[in-house]
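Reviewing the structure listed below.
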Amino acid sequence: MMRRIALPLAGLLAVAGALGLWLGLAAAPPTETEIINVHAARYVAETGGDLVDCYAVPSGVEGVRLIVICEPESGEAWYAATDEWGQVVEDVSVPEDGT
């Protein structure tokens, strides 16, 4: 009797564990390196620059995780403010000094 319950229960627990692991990994935000690589590739595609022109700095603005900056030796700097998931944040409100 115990074996008839234990095997299906073990199978159900294995499926539930695998599903939980898969959903947990899918919900994890990208790493900072992944965010930088994605936006550096976008910079290269848009401007023809080089990947080594790019780096990122953490942001002190709420809702912005990183600011990816690409600075070629000659030319104007290119940047992208990104949120927790690596998406570009269009409307970034920076607080005034002294507030």
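Remarks
- Within the range 1-15, the set of residues being in a helix (DSSP H, G or I) and either of a type in the set (Lys, Arg) or open to solvent by 60 Å² or more (accessible area, probe 1.4 Å) (or both) comprises Met2, Arg3, Arg4, Ile5, Leu7, Pro8, Leu9, Leu12, Leu13, Ala14, Val15.
- Residues (more than 30 Å from Ala27 (Cβ to Cβ), modelled with pLDDT of 90 or more, open to solvent by 60 Å² or more (accessible area, probe 1.4 Å) and in a loop (DSSP other than H, G, I, E, B)) located in the range 49-95: Asp50, Glu71
- Boolean, Glu46 is under 22 Å from the mean Cα position of the chain (by Cα), at negative phi and of a type in the set (Asp, Glu): yes
- When the residues of the range 16-27 are filtered to those that are under 20 Å from Trp85 (Cα atoms) and open to solvent by less than 90 Å² (accessible area, probe 1.4 Å), the one that is farthest from the chain's Cα centre (by Cα) is Gly24.
- Of Glu46, Glu34, all but one fail to be open to solvent by 80 Å² or more (accessible area, probe 1.4 Å), under 19 Å from Glu90 (Cα atoms) and either of a type in the set (Phe, Trp, Tyr) or touching a residue at least 12 places away in the same chain (Cβ under 8 Å) (or both); the exception is Glu46.
The values are calculated or read from the model by the stated rules, or taken from the named source; none is laboratory data. Here the structure is a predicted model, which means the values were calculated and not measured. Heads up, the Cβs are rebuilt from the backbone with ideal geometry, glycines too, and the neighbour counts pull from every protein chain shown. Surface areas here come from the heavy atoms of the whole protein model, side chains and all, with no ligands, DNA or RNA. Shrake-Rupley method; radii C 1.70, N 1.55, O 1.52, S 1.80 Å.
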